[in-house]
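**Q** First, the structure itself, so that you have it in front of you.
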Amino acid sequence: GEEVVSNGAFKLDSELQIQARPSMMQMPKEAEIQKEAAPPKGTRLTKKVSAALRKEQARLYGHYFALWRALAADQFEASKKAADALRALAQTPRPVRGDEAARWDALRARLIDAFQRYAPKDIATLRQGFDLMSKAVLQLQEAIGHETPQAVYLAYCPMAFQDTGASWLQDQEDILNP
């Protein structure tokens, strides 16, 4: 048999904090600010926006959550399919008008940039692209909240990308690292 460690992380983390190093179990300051981007369970709307923008946001979240789930399951083909759907959404102009159009176009530009920088050739590259996409989606979430039928949660992993950390949205409370 193998020995299973059940509480070593707490010991390691407490040693890091004694040495005045960042905690592995607490988010850094800038991530704490982003934490407010995802409203608590049950919160649905933080700003009034048009039905057209909410419709596009729901489409975006559908593809984004499909990509997150596929990455979390290490399924490259499913991840690529979800990423392609998200790319198609980003590349297609939508019926959002006025000030909302500028916000939506900025999000679309950031998503397209993520695809250009991290073409989905393997799952590791898709994960890097997902990190950029998540930053764009988090900005939208922070700006307008959401009005989706399900709750939206902010997840954070301090060990992602060589311990630089990453945040993303997910539609379930239990964290699944993409």
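The values are calculated or read from the model by the stated rules, or taken from the named source; none is laboratory data. Just so it is clear, the model here is predicted, and its values are computed rather than measured. Cβ coordinates were reconstructed from backbone atoms using ideal geometry, including for glycine residues, and neighbour counts include every protein chain displayed. These accessible areas exclude ligands, DNA and RNA; they are computed on the full protein's heavy atoms, side chains included. Shrake-Rupley method; radii C 1.70, N 1.55, O 1.52, S 1.80 Å.
**Q** Would you tally the residues in region 155-178 being open to solvent by 40 Å² or more (accessible area, probe 1.4 Å) and either closer than 19 Å to residue 110 by Cβ or of a type in the set (Val, Ile, Thr) (or both)?
**A** Number satisfying all stated conditions: 3.
**Q** Check off (1) at pLDDT 50 or above; (2) closer than 27 Å to residue 126 by Cβ; (3) open to solvent by less than 60 Å² (accessible area, probe 1.4 Å) for residue 14 and give me the number that stays unchecked.
**A** (2)
**Q** Which of the residues spanning region 108-139 are closer than 20 Å to residue 171 by Cα, among the aliphatic types (A, V, I, L, M) and buried (at least 19 other Cβ atoms within 10 Å of the Cβ)?
**A** Across region 108-139, the qualifying residues are 111, 126, 133, 136, 137.
**Q** Yes or no: region 143-160 includes at least one residue that is closer than 18 Å to residue 178 by Cβ, of a type outside the set (Gly, Ala, Ser) and in a helix (DSSP H, G or I).
**A** Looking through region 143-160, none of the residues is closer than 18 Å to residue 178 by Cβ, of a type outside the set (Gly, Ala, Ser) and in a helix (DSSP H, G or I).
**Q** Also, quick follow-up: What pairs come out if I take residues in region 107-124 that are hydrophobic (A, V, I, L, M, F, W, C) and pair them with residues that are open to solvent by 60 Å² or more (accessible area, probe 1.4 Å) and assigned to a loop (DSSP other than H, G, I, E, B) whose C-beta lies under 8 Å away, six or more apart or interchain?
**A** Close Cβ pairs (under 8 Å, with a partner that is open to solvent by 60 Å² or more (accessible area, probe 1.4 Å) and assigned to a loop (DSSP other than H, G, I, E, B)) amount to 123/74.
**Q** Would you check which residues across region 145-159 are of a type in the set (D, E, K, R) and touching a His at 6+ places or on another chain (Cβ under 6 Å) and list them? It would help to see each step written out before you state the result.
**A** As a first pass, look at region 145-159 and keep what is of a type in the set (D, E, K, R): 147.
None; the set is empty.
**Q** Any residue that is over 24 Å from residue 124 (Cβ atoms), in contact with an Asp or Glu (Cβ under 7 Å, 6 or more places away or on another chain) and modelled with pLDDT of 80 or more - is there at least one of those in region 51-74?
**A** Looking for residues that are over 24 Å from residue 124 (Cβ atoms), in contact with an Asp or Glu (Cβ under 7 Å, 6 or more places away or on another chain) and modelled with pLDDT of 80 or more, one finds at least one in region 51-74, hence yes.
**Q** Within region 71-107, track down each residue that is of a type in the set (S, T, N, Q), part of a helix (DSSP H, G or I) and surrounded by 14 or more Cβ atoms within 10 Å (Cβ to Cβ).
**A** If the condition is that a residue be of a type in the set (S, T, N, Q), part of a helix (DSSP H, G or I) and surrounded by 14 or more Cβ atoms within 10 Å (Cβ to Cβ), then 79 is the only one that fits.
**Q** Taking the conditions exactly as written (farther than 23 Å from residue 91 by Cα, touching a Cys at 6+ places or on another chain (Cβ under 6 Å) and in contact (Cβ under 8 Å) with a residue 12 or more places away in the chain), does residue 166 satisfy them or not? Spell out the reasoning first.
**A** Numbers: farther than 23 Å from residue 91 by Cα: yes; touching a Cys at 6+ places or on another chain (Cβ under 6 Å): yes; in contact (Cβ under 8 Å) with a residue 12 or more places away in the chain: yes.
When the stated conditions are applied, residue 166 passes them.
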